[in-house]
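Asker: Handing you this structure, nothing more for now.
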Amino acid sequence: MTSELNAQLEFQLDAVPLLSRSTVDRKEVWRDGPDGGAELWAHGKLVLVDAKGRAPLDGGRLVCQRAVDYGDQPPPNAVLLGVQNGTGYWALRVERGSSDQWRDLRSAGAVLDDTAAGLLTTAVGLLNWHDHARYCAVCGAATMQVRAGWARRCTGCEREEYPRTDPAIICLVHDGDDHVLLARQPSWPQGRYSVLAGFVEVGESLEACVQREVAEEVGVQVDNVRYLGSQPWPFPRSLMLGFAATADRSTPLRPADGEIAEARWVHRSTVLAALETGEADGLRLPPSVSIAYRMLRGWATA
């Protein structure tokens, strides 16, 4: 195997995905304190998140409030995000934020620092889970928030439930040379392409999911499946697991009806140009906040 081909098969993400950055201490001991988190609340900071997943920003800085301005004790719906340098960081759902100063992760994730990106990603995902876990899946009784927001307990059968994450694979398929396989969903604007992705099914390994999803979406069989990295994607609660794989470029592409509007092989030079300028030959790629961007840049620059 030539060194050039070996580099193509062994490329990595070019950087840590933007929403995978986190610096706070998330140890369970912080969630189970005898005072219910009151000590961390007293000198803590609070991230406000509205129903659309937006938080207040000042330029690229996440604006945190003083926790005690919202009560002497943590409100029942406050969630503890973690601790850093002795300061507890909490999140609280509010009904609506100001549209000009409040931004979501898709639009602001790239400008946040590591701590802020981790805080907001965790806050959005955790609060989304609470919004959809208000009743027990076993007996149907109402549930209540416990463990500083990291569990819910049924008021009927006392069963505890914990935050859920839906695993999804995202795979960069290339030909082992200078072409990558990209596709466009029907809901995306013309010219917007990305790599292939799909949810992992019950009883399915991640590698098997890669092979199934690629075959279902574009009719191509893949080999050399390998793991690249991961990124939380709390829209509402996914974990994107990045993979690379190779496929025969001569195989006819068969886009899945209703799922894939267009699929095509794209040369490395076009990908590089689109990454640098935002668009090349009518091709627009995912924003930098997506792990797909890191995958494509890692492949294109290998």
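Asker: Filter segment 143-163 down to the residues that are open to solvent by 40 Å² or more (accessible area, probe 1.4 Å), over 24 Å from the mean Cα position of the chain (by Cα) and hydroxyl-bearing (Ser, Thr, Tyr) and list them by number.
Answerer: THR155
Asker: Condition first: in a strand (DSSP E or B) and small (Gly, Ala, Ser). Now tell me which residues in segment 44-74 satisfy that. Give the derivation first.
Answerer: Filtering segment 44-74 down to residues in a strand (DSSP E or B) leaves 45-49, 55-58, 61-62, 65-66.
Correct list: ALA55 only.
Asker: Considering only segment 197-281, give the strands (runs of 3 or more DSSP E) lying wholly within it that have at least 3 residues that are among the aliphatic types (A, V, I, L, M) and more than 30 Å from ASP50 (Cα to Cα).
Answerer: Details: elements: 222-233, 238-247, 262-267.
So the answer is 222-233, 238-247.
Asker: Answer yes or no as to whether TYR70 is without any contact (Cβ under 8 Å) to a residue 60 or more places away in the chain and of a type in the set (Phe, Trp, Tyr).
Answerer: yes
Asker: Here are some conditions: (1) open to solvent by 10 Å² or more (accessible area, probe 1.4 Å); (2) part of a strand (DSSP E or B); (3) not polar (S, T, N, Q). GLY140 meets all but one. Which one does it not meet?
Answerer: Among (1) open to solvent by 10 Å² or more (accessible area, probe 1.4 Å); (2) part of a strand (DSSP E or B); (3) not polar (S, T, N, Q), GLY140 violates only (2).
Asker: Filter segment 185-203 down to the residues that are surrounded by 15 or more Cβ atoms within 10 Å (Cβ to Cβ) and closer than 15 Å to ALA168 by Cβ and list them by number.
Answerer: GLN185, SER194, VAL195, LEU196, ALA197, GLY198, VAL200
Asker: So, of the residues in segment 164-184 that are in a loop (DSSP other than H, G, I, E, B) and touching a strand residue (DSSP E or B) at 6+ places or on another chain (Cβ under 8 Å), which turns out to be least open to solvent (accessible area, probe 1.4 Å)? Don't jump to the end; show me each part of the working.
Answerer: Step one: list which residues in segment 164-184 are in a loop (DSSP other than H, G, I, E, B), which gives 164-165, 175-178.
Checking the rest, the ones that are also touching a strand residue (DSSP E or B) at 6+ places or on another chain (Cβ under 8 Å) come to 165, 175-176, 178.
Working: THR165: 84, ASP175: 37, GLY176: 13, ASP178: 42 Å².
Only one residue tops the list, namely GLY176.
Asker: Is it the case that ALA244 is small (Gly, Ala, Ser), under 24 Å from the mean Cα position of the chain (by Cα) and surrounded by 15 or more Cβ atoms within 10 Å (Cβ to Cβ)? If you could, list the steps in order and put the result at the bottom.
Answerer: Values: small (Gly, Ala, Ser): yes; under 24 Å from the mean Cα position of the chain (by Cα): yes; surrounded by 15 or more Cβ atoms within 10 Å (Cβ to Cβ): yes.
Spelling it out, ALA244 is indeed small (Gly, Ala, Ser), under 24 Å from the mean Cα position of the chain (by Cα) and surrounded by 15 or more Cβ atoms within 10 Å (Cβ to Cβ).
Condition check ((1) more than 28 Å from ARG294 (Cα to Cα); (2) in contact with a Lys or Arg (Cβ under 9 Å, 6 or more places away or on another chain); (3) open to solvent by less than 40 Å² (accessible area, probe 1.4 Å)) across all residues:
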{"position": "ALA38", "(1), (2), (3)": "yes, no, yes"}
{"position": "VAL49", "(1), (2), (3)": "no, yes, yes"}
{"position": "LYS52", "(1), (2), (3)": "no, yes, no"}
{"position": "VAL63", "(1), (2), (3)": "no, no, yes"}
{"position": "ASN85", "(1), (2), (3)": "yes, no, no"}
{"position": "ARG106", "(1), (2), (3)": "no, no, no"}
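Asker: Kindly indicate the residue of segment 215-240 that is under 15 Å from the mean Cα position of the chain (by Cα) and small (Gly, Ala, Ser) and also nearest to LEU120 (Cα to Cα) among those meeting that condition. Walk me through it before giving the result.
Answerer: Of segment 215-240, the ones under 15 Å from the mean Cα position of the chain (by Cα) are 228-240.
So of that shortlist, the ones also small (Gly, Ala, Ser) come out as 229-230, 238.
Working: GLY229: 20, SER230: 17, SER238: 15 Å.
Within segment 215-240, the match that is nearest to LEU120 (Cα to Cα) is SER238.
The values are calculated or read from the model by the stated rules, or taken from the named source; none is laboratory data. Here the structure is a predicted model, which means the values were calculated and not measured. As a convention, Cβ positions derive from the backbone with ideal geometry for all residues, glycine included, and neighbour counts pool all protein chains shown. Calculation scope for accessible area: heavy atoms of the full protein, side chains included, ligands and nucleic acids excluded. Shrake-Rupley method; radii C 1.70, N 1.55, O 1.52, S 1.80 Å.
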